Amino acid sequence: MSADAGVAALSELPGDPAATGTATPTAAAAERTAAAFAAAGFPKMPARTLLALVSSEQGSLTAAELSERLGASAAAVSGAVRYLQTVGFVHRISQPGSRRDLYALHEDEWYVVSMRNSPVYEKLAALTDATAETLPEGSPARARVADMARFYRFLNSRMPALLDDWEHEREAAP
């Protein structure tokens, strides 16, 4: 399915809470946004969990609150928050006097944490370089894989400036 077809299909999501009238407009919009993240390759349950946190008033929820809000099992929520912690979008906050932890967005914006501190593009470049080295010298396949590595390094080198531009854009907004 093409990206355009995937985005177009989002208007007819099966099981969309908005279609059944069982969700608030915010929850329904968050579900549609999470579905768009999933269509773009982000894992579905972590996408739903991230959007639940982003759209919550405090930017933090307990596992039980996430489970209730998402209509998901404790195991599904646990896996989702573990993924989001691994990629740096959220962190766990212990609640003194309670056995329940809060899962919260980072104080500095989640996009900064995820992009400035994530070595994903450099890792992808190194892995694709290693793949290229296994292919015959001068072959079209090796050239394609090497080009992929260069692209990931390009993204990695441009990300800090892009985030700086975004910060300036945010500061300039009314």
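The values are calculated or read from the model by the stated rules, or taken from the named source; none is laboratory data. A quick note: this is a predicted structure, and the numbers were derived from the prediction, not measured. As a convention, Cβ positions derive from the backbone with ideal geometry for all residues, glycine included, and neighbour counts pool all protein chains shown. In case anyone asks, the SASA skips ligands and DNA or RNA and just uses the protein heavy atoms, side chains included. Shrake-Rupley method; radii C 1.70, N 1.55, O 1.52, S 1.80 Å.
Some values worked out for this structure:
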| read-out | value |
| --- | --- |
| Sites matching GluC sites (Glu not before Pro) across segment 36-112 that sit in DSSP coil, with at most 12 neighbouring C-beta atoms within 10 Å | E57, E107 |
| Average projected area [Cα convex hull, segment 57-174], square nanometres | 11.1 |
| Inter-site label distance for K123 and E107 at 7 Å from Cα along Cβ, in nm | 2.6 |
| Area of S98 that stays accessible when all protein chains are in place (1.4 Å probe, Å², to 10) | 60 |
| Inter-label distance, nm, simple model (7 Å from Cα along the C-beta direction), W166/A141 | 3.6 |
